[in-house]
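Report on the structure given below.
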Amino acid sequence: MKKTISLMIMGCMLLLAACDNYLDIQPTGSVIPNSLAEYRALLARSYKDVSNFSDRGMACFRSDEMRVRDNEYDQNYYMDIERWNDLAPNAYTSSFEWAKYYNVLFIANHVIESRSDIKDGSGKDINQLVGEAYMLRAYVHFLLVNLYGQPYTKEGALDTKAVPLKLDTDLEKVLKRNTVKEVYASVQSDIDEARKLITETEWEQRFSYRFNVASVEALQSRVSLYKGEWQEAWDAAEAVLAGKSVLEDLNDAAADVPNSYKSVENIAALEISLSSTINGAALATPDFLALYAEKDMRLDKYFAAADEDGFRKSKKAGSNNFLCTFRVGEMYLTAAEAAARMDRLPQARARLLALMQKRYAPEAYPVKVAAVNEMSKEALVKEILDERARELAFEGHRWFDLRRTTRPRLEKVLGGKTYVLEENDARYTLAIPKEALEANPGLLN
């Protein structure tokens, strides 16, 4: 067993040359890492793997946000995802990841288990590293349960089988699916552990993919939002905003796109939510673009000019410039939604309008203020959800937001044929990939 683990770790160490943009430290070549620098390099490999995950973005083809462009190559790879055809997709259909998530979990678990063995580092630095491993484990399990488990807020979902938890490095253990409730409990436990250990408040830009104090609370806010735990979501979002609240002002021509890793809004610049391939295939639909009002600065900042059919390409995805897992704009929206759902409408309006002031032209903002201040609770919640769609477009949030809220009926007319995803449709949850089931038939139960 020890030998098997050693060989796997050695393989990861040998791949570390691919981490040059992430880390300047070169591994010593040890079969098993010993020093803090070697363990840091090992974890950097897993950070790099997560940076290439694009499942959140690809899943948005299933939403009302994105359309696959009329190109034979793109249609072959993504049309059956867009059409919710999960039973018999064509042979070229892109697969959602599975094994890569568990590879990341293995390394995170190894770092956690090796805490007392790490040498040549201060206790503070070792704790920071192990805290980041807990965060990676929490985040990867969170992604898995939101792709392959029923939505937490769906009636009866908590006791349904979702994905296997992987909380150790035992390669001989046969993994079986845990319930939605069990996975979320593990995610919360790991966040709690990370909160005790992580002390770094802000990394220099080249290390901004690493988790810091603010990113712990940012993940907490998202997890609590998805669970419908409004007070906890509010508290965590406000904890982030207490230390980091500056927004890009899109009225300034020099402003960065907010999900750029260089943006002042950046909290954790880890994932490219839409790969260059996915982004190249994706178009914003006219119906989705209709959510943007006149003088909303995001329409032209986020999207290229419309083509003859009214579709637009995104300008905020598809390259390493758009590494973004958590950012400040999301925190404003989380705080606003949580407050509104708790009937704290003045607080909800204040957070929503603070974001809107930086997104609408000066002449349009007073109109938004007047409208928001007149909204009932129901109307305000709807406006906040619409604002999430506008603000977080093409960042891999839309499909997850539809899942966690109403799981609405969606209808698409593609190639002259109508496709329907019914309200609360079972296809709001992805099936575990065929290759994973073939490798472990126990996942069927």
Handout entry: Span from the region 385-426 Cα centroid across to the region 34-78 one, whole angstrom
Key = 20
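Work the Kirkwood hydrodynamic radius out for region 391-445: mean of 1/r over every pair of different alpha-carbon atoms, inverted, in Å.
One decimal place: 13.7 Å for the Kirkwood radius.
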Practice task
Take every Cα-Cα pair in region 277-327 and report what % of them are more than 18 Å apart.
Solution key: 33
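Rounded to whole Å and ordered largest first, report the semi-axes of the equivalent ellipsoid of region 300-437 derived from its Cα gyration tensor (root of 5λ).
Working: eigenvalues 166, 88, 59 Å².
Semi-axes from the Cα gyration tensor: 29, 21, 17 Å.
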Exercise for the section: Would you kindly find the accessible area of His110, with a 1.4 Å probe and non-protein molecules such as ligands, DNA and RNA excluded, rounding to the nearest 10 Å²? Expected result: 20
Problem - GNM result for the chain, Cα springs below 10 Å: residue of Ala426, Ala339, Ala268 fluctuating most strongly - result: Ala426
Practice task
Using only Cα atoms, locate the centre of region 189-254 and the centre of region 101-169, then give the distance between them in Å, rounded to an integer.
Solution key: 18
Handout entry: Shape metrics for region 245-346, restricted to C-alpha atoms - Rg then Dmax, Å
Key = 15.0, 44
Handout entry: All-pairs alpha carbon distance profile, region 156-249, 5 Å steps from 0, percent
Key = 3, 12, 17, 19, 18, 14, 10, 6, 2, 0, 0
Completion exercise
GNM on the chain, Cα springs under 10 Å; top mean-square fluctuation among Gly415, Gly329, Gly228 goes to Gly415
Practice task
Springs between alpha-carbon atoms under 10 Å, Gaussian network over the chain: tell me which of Thr179, Thr418, Thr199 tops the mean-square fluctuations.
Solution key: Thr418
Handout entry: Solvent-accessible area, 1.4 Å probe, carbon plus sulfur percent, for the chain
Key = 50
Problem - Summed side-chain charge close to Asp300 - residues other than Asp300 whose Cβ falls under 11 Å, Lys, Arg +1, Asp, Glu -1 - result: +4
Handout entry: Share of Cα-Cα pairs in region 157-203 lying beyond 15 Å, as whole percent
Key = 57
Fill in the blank from the handout: Computed, not fitted: 222 nm per-residue ellipticity of the chain from DSSP H runs ≥ 4 (each -39500 (n - 2.57)), nearest 500, equal to -15000 deg cm²/dmol
Practice task
Calculate how many DSSP beta bridges within the chain are antiparallel, expressed in % of all such bridges and rounded to the nearest 5.
Solution key: 95
Practice task
At q = 0.13, 0.20 Å⁻¹, work out log10 I(q)/I(0) for region 43-185 with the Debye formula, treating every Cα as an identical point scatterer and leaving solvent out; two decimals please.
Solution key: -0.71, -1.23
Exercise for the section: Find, among the GluC sites (Glu not before Pro) in region 388-445, those assigned to loop by DSSP (not H, G, I, E, B) with at most 12 other beta-carbon atoms within 10 angstrom. Expected result: Glu423
Exercise for the section: Let me know the shape class of region 81-152, please: from the alpha-carbon gyration tensor, a ≥ b ≥ c as square roots of the eigenvalues, rounded when a/c is under 1.5, otherwise prolate if a/b is greater than b/c, or oblate. Expected result: prolate
Problem - Cα-only radius of gyration and Dmax that characterise the chain, units Å - result: 21.6, 67
Exercise for the section: Please state, as a whole number in µm²/s, the translational diffusion coefficient that the Stokes-Einstein equation yields for region 325-380 at 20 °C and 1.002 mPa s, with Rh defined as the Kirkwood radius across alpha carbon pairs. Expected result: 187
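To the nearest µm²/s, what D does Stokes-Einstein give for region 363-431 at 25 °C and 0.890 mPa s, using the Kirkwood radius over alpha carbon pairs as Rh?
So the translational diffusion coefficient is about 170 µm²/s.
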Practice task
Give the cross-link partners of Lys154 among the lysines, using a straight C-alpha distance below 27 Å as the criterion and excluding same-chain residues fewer than 8 apart.
Solution key: Lys166, Lys176, Lys181, Lys227, Lys377, Lys382, Lys412, Lys434
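The values are calculated or read from the model by the stated rules, or taken from the named source; none is laboratory data. Keep in mind the model is a prediction, meaning the values are calculated, not measured. All Cβ positions, glycine included, derive from the backbone under ideal geometry; neighbour counts span all protein chains shown. Areas reflect the complete protein model, heavy atoms only, side chains present, ligands, DNA and RNA absent. Shrake-Rupley method; radii C 1.70, N 1.55, O 1.52, S 1.80 Å.
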